[in-house]
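The values are calculated or read from the model by the stated rules, or taken from the named source; none is laboratory data. Values in this document were obtained by computation on a predicted structure and should not be read as measured data. All Cβ positions, glycine included, derive from the backbone under ideal geometry; neighbour counts span all protein chains shown.
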Amino acid sequence: MASETQDAQLADFGSCCEELNQVMSGEEFEPLVTVGGDGILYMSVGLIDIEEEEPGMVDHPVFYCPFCGTKVQDAEAIRTQLDAADEAEES
Ligand SMILES: [Zn+2]
């Protein structure tokens, strides 16, 4: 069951159109468009083979809704956030 915090994020990203709203609710299937733990909306774009493990999903941040074209995230802001996260991991 989703927490109240996740519900708020999902409602936010699914507010532009019915299609994305359905994907974000994910009631009938496992969505490939999901909100990460960092609050960024990601879309799975492929599978990657990790040795001795199940294939992993390759995610990419989504800047525009794939269904209606509404801008859902700012590319510059996302890159800044991801760069900051990378630097935090390295140090
Ligand atoms: Zn949309």
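Some notes on this structure:
Here is a yes/no grid of residues against (1) more than 17 Å from D12 (Cα to Cα); (2) modelled with pLDDT under 90; (3) more than 16 Å from the ligand (Cβ to nearest atom):
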position	(1), (2), (3)
E28	yes, yes, yes
Y42	no, no, no
D49	yes, yes, yes
G56	yes, yes, yes
D59	yes, no, yes
A84	yes, no, yes
E87	yes, no, yes
S91	yes, yes, yes
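- Top-ranked residue in the range 64-91 [being hydroxyl-bearing (S, T, Y) and over 14 Å from the mean Cα position of the chain (by Cα); ranked as surrounded by the fewest Cβ atoms within 10 Å (Cβ to Cβ)]: S91
- Number of residues in the range 39-63 that are closer than 20 Å to T80 by Cβ and within 9 Å of the chain's Cα centre (by Cα): the value is 9.
- Pair list, Cβ under 6 Å, 6 or more apart: the range 17-42 residue touching a residue at least 40 places away in the same chain (Cβ under 8 Å), other residue within 10 Å of the ligand (Cβ to nearest atom) and of a type outside the set (V, I, T): C17/F67; C17/C68; E19/F67; L20/G14; L20/C65; L20/F67
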